[in-house]
1. Somewhere in region 119-127, is a residue β-branched (V, I, T), modelled with pLDDT of 95 or more and at negative phi?
2. Can you confirm whether region 262-270 contains a residue that is assigned to a helix (DSSP H, G or I), surrounded by 12 or more Cβ atoms within 10 Å (Cβ to Cβ) and either touching a Ser or Thr at 6+ places or on another chain (Cβ under 8 Å) or among the aromatic types (F, W, Y) (or both)?
3. Are any of the residues in region 212-223 part of a helix (DSSP H, G or I), in contact (Cβ under 8 Å) with a residue 24 or more places away in the chain, surrounded by fewer than 13 Cβ atoms within 10 Å (Cβ to Cβ) and not hydrophobic (A, V, I, L, M, F, W, C)?
4. Which condition from (1) of a type in the set (V, I, T); (2) in contact with a Cys (Cβ under 9 Å, 6 or more places away or on another chain); (3) over 29 Å from A50 (Cβ atoms) is the one that V175 breaks?
5. Could you go through region 153-173 and let me know if any residue there is closer than 30 Å to Q111 by Cα and at pLDDT 90 or above.
Amino acid sequence: MRLSLRPSPLPGQTWADWRAQAPRLVLGALLLTAGLSLSGSALDRAWCLALQQSLGGWPTTWSLLTWSALGICSLLLVTCLSDGEPRRVASLLVAMVLGGLVVHVIKRSLQVDRPLAVFGPDHPVFHVMGEHLRKGSMPSGHTTTAFTVAGLMTLSLRDAARSGGMLPTQLQRFVSAAAWTGWWLLAGLQGLSRVVVGAHWPSDVLAGAGLGLILAPLVWQLGVTRRLALGLTRTAVRPWVAGALPVLAVLLCLLDLGTPLPAAWCVAVVGLGLLGAWRWCRVLPGARAANPFS
């Protein structure tokens, strides 16, 4: 009998699953390295000012994009869309804990000044929309969240397509491609918004995107994520998730980030929370409840 020194993968995982994540992990590592290398350089400052000057004409749009990358907003959106796919929610919760720790360790270790601390409030080109932050620039936590969400949602789409759980053939490919493009485009715009609103350097955004690309496939494959997802399918747990969604929506509307949220957006956010609550209150069909990863 041949013995193997390689540890066995967790239930539901294969080594092919891990190998399939290699391109994302490599790209994430490259972006993280590029961000760290660019940090503090003259090129980083020049790009920051150039982006602000060329894209600063839509303050409301950029403020809403940066607001949408908040962890609480991302959690609300993903949970409302995932009543039948609890693995997404479990993965994001695990990623928020792990990613939050990594981001804050890097911030405290590097202590990079934000653009406002370098350019000052009276700079002819540089301006701030929202909170006036001066410390803890590298990396961008908002961008880390945005790319983690995009990574998790596209991984979920990939698995659904492989299992035949989506729409038939041509329509399936179109919907899947549109969703992939939409999630990555949204993440890119959310990251870009952090520079335009004056909160981060371009290097911070590159590093945050890299961290998100690394986090998403890692937490997607973790055994603890799968066990947490299984717990979210329990009949006794789902009403608690449902009840939390409107509360999250109201808290999100009450957050003071220096730029008031338009009333129409508050209505939409609360409506999303109520819709999510209704969806999570429904009883899952037996097959999906028994196997949330199908």
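1. no
2. Checked region 262-270: at least one residue is assigned to a helix (DSSP H, G or I), surrounded by 12 or more Cβ atoms within 10 Å (Cβ to Cβ) and either touching a Ser or Thr at 6+ places or on another chain (Cβ under 8 Å) or among the aromatic types (F, W, Y) (or both).
3. Yes, because at least one residue in region 212-223 is part of a helix (DSSP H, G or I), in contact (Cβ under 8 Å) with a residue 24 or more places away in the chain, surrounded by fewer than 13 Cβ atoms within 10 Å (Cβ to Cβ) and not hydrophobic (A, V, I, L, M, F, W, C).
4. With respect to (1) of a type in the set (V, I, T); (2) in contact with a Cys (Cβ under 9 Å, 6 or more places away or on another chain); (3) over 29 Å from A50 (Cβ atoms), V175 is out only on (2).
5. Here is the first cut: in region 153-173, the residues closer than 30 Å to Q111 by Cα are none.
No: zero hits.
The values are calculated or read from the model by the stated rules, or taken from the named source; none is laboratory data. Fair warning: this is a prediction, and the values are worked out from it, not measured in the lab. All Cβ positions, even for glycine, are placed from backbone atoms using ideal geometry, and neighbour counts span all protein chains on display.
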